[in-house]
Amino acid sequence: MAKLAKSPWLLHYDASSCNGCDIEVLDCTTPRYDIERFGIINTGDPFQADILLITGGINNQCESVVRQLYSQMPDPKVVVAVGICACTGGVFKDCYNIKGGVDTVIPVDVYVPGCAARPQAIIDGVVKALEILEQKRKAYSEKQEQDSRA
Amino acid sequence: MQVVSVVLYLILAPFVGALLDGFDRIISARMQGRKGPPLLQPFYDLAKLFSKQMLAVNSVQMLLNLSYLVFLAVAGAMLFAGADILMSLFILSTADMFLVMAASSDSSPFSTLGAGREMIQIMAYEPMTLLLAVGFYLATGSFQVIDIIRMPYSTVLTMPGFLIGFFFVMAIKLRKSPFDLSTSHHAHQELVKGLTTEMAGPTFAIMNIAEYYEMTLMLGIVALFFINENWWSWPIAIIACLFVFFLEILWDNVCARVKWRTLLDSCWVVTLLSGGLNGLILMLIR
Ligand code: SF4
């Protein structure tokens, strides 16, 4: 497999989750699921992350934070929405403060449904994101070559 | 001969460091009941980092990181050339200053705080490294590495205290718990990523390669304790290095991070007790 797919580093952000999905994300790092097997690290630093995992819907308070985190990540990058709240807003959809899913503010590449999303589903989602990441990397390096020629 | 060993060091040290890091991550994972990443994971990480966008927060950070790399390579090259160990250790501390500057050149509060902690770490390990050079002089009558490895017996016999002290401060240099205050290899810590917080892609890769040079240099100093004029001391030295490295990993996994005050106190006390006493004894029996 290619470069990025072998060493994807995650950034996990809790937008307005009930913490159910967050615990499942952390579960992935425990001995039972051990995502480090795939070279995946949960870094916590947007500057070094390749995949942004977001749990929970977007509200007015966290909207700017999500935008900033996304803009701080170097290209190529992908976004995974974990849990039904992050996909559509879920049970909180009609709350006065909820804007909806993560895709109302930044582009989302993979949607992982479930309430809470199971660790297996999250790992599946991340593996799916790796394919997209690889496509993006190719597009990115082609674009850079074109830029350097121009 | 010296040229060969310097060239070998400059070329091979990053590979040796990355391989050791791969072993480190697997052994740590096994200690935690996990399977861990593949052995070559550090190489995949480096390849990935170099393929990422160059997201520089300012134009000087990359330059400072490169200086960190070059100074560490020079410090290591001096040791492997058989030159002055005192000089090599001085250059080692100079290199660290470049990292501190690189970290404080950006505006992130996390990396500024990390830079401050790195300074405290320098203060904590510096006395031991200086004493170490003096210890080698007392034990062998020379600061030159080439003379030290031509002794009829291994220096560890006369300076075991220094080895203990050096093992203690090596945890700081290898960024191992309990002393990984400024930045940590582990995913979670309270300072985000400490002094590397705003280093992205290639800049971070350069910093990692520099750390691999440093790792090899540290183990080289450990080997210096064991090598003597006999050929069989070399395999013993390599085994000793691997054993010391394993002990550092074990220590890393069983200890929680300490506060900066404990770091300073414990390092200085250990330096004084093990290095200082050993030095005094060496002075008396000379
Ligand atoms: S999907 Fe369910 S578990 Fe996850 S944040 Fe929403 S309500 Fe909580």
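The values are calculated or read from the model by the stated rules, or taken from the named source; none is laboratory data. Computed from a prediction, not measured in an experiment: that's the story for all the values here. Glycine also receives a Cβ, built like all others from the backbone with ideal geometry; neighbour counts cover every protein chain displayed.
Assorted remarks:
- Subset tally (residues that are in a loop (DSSP other than H, G, I, E, B), in contact (Cβ under 8 Å) with a residue 60 or more places away in the chain and not charged (D, E, K, R)) for region B:215-238: 4
- Among the residues making up region B:137-171, a single one is more than 19 Å from B:L217 (Cα to Cα), among the hydrophobic types (A, V, I, L, M, F, W, C) and within 21 Å of the chain's Cα centre (by Cα): B:M159.
- Qualifying residue in region A:7-24 (condition: within 9 Å of chain B (Cβ to nearest Cβ), within 19 Å of A:A121 (Cβ to Cβ), part of a helix (DSSP H, G or I) and more than 16 Å from the ligand (Cβ to nearest atom)): no
- In region A:25-39 there is no residue that is more than 14 Å from every other protein chain (Cβ to nearest Cβ), within 16 Å of the ligand (Cβ to nearest atom) and touching a residue at least 40 places away in the same chain (Cβ under 8 Å).
- Just so you know, in region A:47-73 the residues that are among the small types (G, A, S) and over 25 Å from B:T203 (Cα atoms) include one that is nearest to the ligand (Cβ to nearest atom), and it is A:G56.
- Residue match in region B:35-58 (condition: away from chain A (no Cβ under 14 Å) and surrounded by fewer than 16 Cβ atoms within 10 Å (Cβ to Cβ)): no
- Residue in region A:110-129 that is farthest from the ligand (Cβ to nearest atom), counting only those that are buried (at least 21 other Cβ atoms within 10 Å of the Cβ) and of a type outside the set (V, I, T): A:A129
- Verdict on B:I249 being out of contact with any Leu (no Cβ under 8 Å at 6 or more places or on another chain), away from chain A (no Cβ under 14 Å) and modelled with pLDDT of 90 or more: yes
- Neighbours by Cβ (under 8 Å, 6+ apart or cross-chain): first from region B:48-60, free of Cβ contacts under 8 Å to residues at least 40 places away in the same chain; second crowded, with 19+ Cβ neighbours inside 10 Å and hydroxyl-bearing (S, T, Y): B:K48/A:S7
- For region A:41-150, the strands (runs of 3 or more DSSP E) that sit wholly inside it and include 2 or more residues that are within 26 Å of A:D27 (Cα to Cα) are A:51-55, A:78-82, A:110-112.
- Residue in region A:57-69 that is in contact (Cβ under 8 Å) with a residue 60 or more places away in the chain and crowded, with 20+ Cβ neighbours inside 10 Å present: no
- Sole exception among (1) surrounded by 22 or more Cβ atoms within 10 Å (Cβ to Cβ); (2) within 14 Å of chain A (Cβ to nearest Cβ); (3) not in a loop (DSSP other than H, G, I, E, B) for B:M199, by number: (3)
- Within region A:76-96, one or more residues are more than 9 Å from every other protein chain (Cβ to nearest Cβ), away from the ligand (no atom under 13 Å from the Cβ) and more than 27 Å from A:Y140 (Cα to Cα).
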